[in-house]
Amino acid sequence: MTQVTLSGLTKIFDQKNPPAVDNLDLEIESGKLTALLGPSGCGKTTTMKMIAGLLRPTSGDILFDGDSILSIKPEERGAVMVFQNYLLFPYMTIADNIGFGLKMRKVNKKEIKSRVQDMLDLVQLPGFEERKPNQLSGGQQQRIALARALIVQPNVLLLDEPLSNLDAHLRDEMRVLIRRIQTEMGITTVFVTHDQEEAVVLADKVALLFDGRLQQFDAPDSFYDTPNTVEIATFFGGTNFIPGYYLDGTITTDIGVFDAPHSLVPEGNAVLSIRPEAVDLGEGGENSVSGTVLSHVYAGRYARFQIRIGDIEIEAVTEPGQVKLFADGDNIPVKFDPDKIWVLGTDTEKHPSAAYTG
Amino acid sequence: MTTATAPFPRIRSRTVGRTTLRWVGIMGLLSFLVAPMVPLFIWSISFRWFYPDILPSEYSARAWEQVISPTNNVIGATGQTTLIALLCTVLSVLLGVPAGRALGLHNFKGKRIVEVLILAPIIVPGLAVVLGIDTMFIRYGLSGNILGVTLVHLVPTLPYMTLVMSGVYANYDVDYELQARSLGARRWATQRYVTLPAVFPGVVVGALFTFLISWSQYVLTLLIGDGQVETLPILLFNFARSEPAIAGALSVVFILPGILVLLLSSKYLSGDSAAVGGIGNI
């Protein structure tokens with residue numbers, strides 16, 4: 001088990017462009033499954049290659065259990081990377097592919113053979129020894145690639161988009177397999193993904209990166225409940241944002257004043273954020289305002305409403321039973337539960353794309 | 001029953017059509033490749049062959065006796081041609097594979113210029129190039145010996161080797177090497193177990209080209225060899241005017257390695273091989 005520390009890690013490919021990875025500090029816990037999450041081109045894979053020793057950082061340091069490993073060659077780091085496209089060596093049999101790492105470590109043939117079999121059992125593909133990679137499906141290749149990495153008992157396992165090339169059914173299967181093996185072997189595992197759902201389902205902790213910079217490093221649920229910025233909240237799917245001024249536990253907006261005990265800003269200009277499923281329709285009382293139903297969509301397991309409150313449009317997701325209660329054009333009370341309101345800073349000028357979307 | 005069997009004759013006729021086409025193709029190729037050799041062979045065993053006879057009126061083994069006889073040094077020249085071609089092949093693999101890798105995998109300033117410069121020896125007539133080289137080679141004692149001839153043979157061969165390899169490497173995913181390193185392979189082990197098997201067909205094709213181009217060099221060998229280095233093409237040229245029968249026999253000897261090498265490496269020359277793709281750059 002190995003704890004991985006990234007300290008001020010920076011990678012600049014080209015002076016003309018901004019850094020691919022910018023001053024990244026990260027503490028990856030020993031024996032845990034950590035996700036590097038972010039849109040494509042945010043520096044996730046670059047970070048991973050630097051940990052594996054396949055790319056040299058421009059500056060900063062990488063430590064395994066407190067010791068810098070920058071001067072250690074990739075083949076001696078014990079950080080094994082599994083690439084997104086598996087990269088099984090095409091002219092080798094499956095057994096030779098899985099045994100490759102052991103052969104490089106000069107392990108004797110008999111032991112390699114038995115450990116290859118153990119690995120094939122682990123990834124549930126026994127009897128595949130003599131096949132060639134091109135005879136395998138994508139999901140099978142993925143499992144062989146995983147076995148090939150695990151056989152060398154790495155200190156750190158690095159998975160680059162492990163599920164992205166698989167169809168939905170295989171993805172679930174692979175997810176379970178990765179989680180099971182990771183828990184059984186207790187290997188510090190880092191995986192890269194652009195899919196926030198994948199990160200949330202699979203990881204113990206998620207590091208969210210935008211443009212090579214760390215945005216938030218937290219347990220998965222924090223990204224939904226207490227995002228650091230409007231941009232993060234947006235990345236994690238539909239949230240309503242209403243600008244206002246925050247002071248002493250209340251936020252004053254154009255459409256009213258709301259109690260909001262949970263806030264990131266002590267005082268000043270702020271953004272009220274509330275998820276569509278936290279908006280209560282048809283309930284009056286404290287923290288409620290009056291709105292007009294603009295439109296609605298019935299989607300089986302839930303119903304989605306567009307509501308206009310003053311000059312602002314918000315989205316609400318409710319139980320399907322409520323569809324019949326409100327017709328388009330109705331004036332109804334809309335309540336924001338204070339415990340579900342999260343007040344954020346106004347950093348939206350930097351990221352106009354994230355500004356006040358429903 | 002009839003409806004069930006109906007599709008079969010149609011499928012069969014299509015297969016028949018395809019095999020016929022294949023045979024026509026093979027025969028066509030053979031007539032282009034083999035037919036020109038037939039008169040050469042007939043020349044080599046003829047004693048009297050004058051117009052308008054279709055075949056010689058008298059036959060003789062004299063030409064072949066001359067080929068084997070030590071006075072004409074055919075065996076020596078064959079050995080020397082082979083030695084030069086092999087040396088040239090080894091050198092061009094050692095230089096061309098890394099050069100092709102650099103061109104195929106990396107982008108660097110002036111890459112376009114380097115590509116044009118590599119093509120230059122193919123575009124510029126060999127005679128023009130070698131006249132300049134000759135004076136240099138005389139100065140450095142490379143004129144009139146095997147080493148000099150081998151080196152000058154690199155001028156037309158290295159471009160082919162380099163371009164074939166650049167095509168191969170352009171289709172090669174370097175991540176395979178990173179994967180191998182990550183799994184614990186050192187630099188050399190990575191090259192040996194991962195890279196070499198992947199690019200091997202290209203090396204074979206490039207080596208083949210090099211061998212054959214070197215094997216058939218005349219002008220370069222004549223000028224740099226300065227009459228001291230006697231290879232098969234030089235010998236062949238000497239006999240071509242005076243002794244057509246011997247020239248015919250020599251031609252047969254001369255053509256054989258080409259056909260042999262081609263047959264041995266035919267599996268690497270299939271159309272969808274990346275190595276062949278590289279030749280498209282030429």
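Structure summary
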quantity	calculated
Subset of segment A:58-84 that is part of a loop (DSSP other than H, G, I, E, B) and touching a helix residue (DSSP H, G or I) at 6+ places or on another chain (Cβ under 7 Å) - its residue that is farthest from the other protein chains (Cβ to nearest Cβ)	A:Ile69
Residues located in segment A:204-224, provided they are in contact with a helix residue (DSSP H, G or I) (Cβ under 8 Å, 6 or more places away or on another chain), within 14 Å of A:Leu33 (Cα to Cα) and not in a strand (DSSP E or B)	A:Pro220
Criterion (among the hydrophobic types (A, V, I, L, M, F, W, C), buried (at least 21 other Cβ atoms within 10 Å of the Cβ) and away from chain A (no Cβ under 14 Å)) met by exactly one of B:Ile246, B:Ile234	B:Ile246
Qualifying residue in segment B:147-159 (condition: over 18 Å from the mean Cα position of the chain (by Cα) and within 14 Å of chain A (Cβ to nearest Cβ))	no
Qualifying position, being more than 14 Å from B:Leu250 (Cβ to Cβ) and not assigned by TED's automatic domain parsing to the domain that holds B:Thr150, among B:Ser46, B:Ser92	B:Ser46
Members of segment A:225-254 that are of a type in the set (Phe, Trp, Tyr), surrounded by fewer than 17 Cβ atoms within 10 Å (Cβ to Cβ) and not in a strand (DSSP E or B)	none
Residue satisfying all of: in segment B:177-194; facing chain A (nearest Cβ under 7 Å) and among the polar types (S, T, N, Q); nearest to B:Arg101 (Cα to Cα) among these	B:Gln179
Odd one out for A:Val201, checked against (1) of a type in the set (Val, Ile, Thr); (2) touching a helix residue (DSSP H, G or I) at 6+ places or on another chain (Cβ under 7 Å); (3) in contact (Cβ under 8 Å) with a residue 60 or more places away in the chain	(3)
Within segment A:141-154, considering residues that are open to solvent by 10 Å² or more (accessible area, probe 1.4 Å) and more than 12 Å from chain B (Cβ to nearest Cβ), the one farthest from A:Ile51 (Cα to Cα)	A:Gln141
Residue that is in contact (Cβ under 8 Å) with a residue 60 or more places away in the chain, within 13 Å of another protein chain (Cβ to nearest Cβ), of a type in the set (Val, Ile, Thr) and part of a helix (DSSP H, G or I), where the choices are B:Val199, B:Val164, B:Val205, B:Val168	B:Val199
Filter result for A:Leu87 (in a loop (DSSP other than H, G, I, E, B), away from chain B (no Cβ under 14 Å) and under 29 Å from B:Val194 (Cα atoms))	no
Selection from segment A:39-76 of residues that are at positive phi and open to solvent by less than 40 Å² (accessible area, probe 1.4 Å)	A:Gly43, A:Gly53, A:Gly60
Residues of segment A:129-140 that turn out to be surrounded by 20 or more Cβ atoms within 10 Å (Cβ to Cβ) and farther than 15 Å from A:Leu87 by Cβ, as a count	0
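The values are calculated or read from the model by the stated rules, or taken from the named source; none is laboratory data. A quick note: this is a predicted structure, and the numbers were derived from the prediction, not measured. Cβ sites come from the backbone with ideal geometry, for glycine too, and all protein chains shown count toward neighbours. All accessible areas refer to the heavy atoms of the entire protein, side chains included, with ligands and DNA or RNA removed. Shrake-Rupley method; radii C 1.70, N 1.55, O 1.52, S 1.80 Å.
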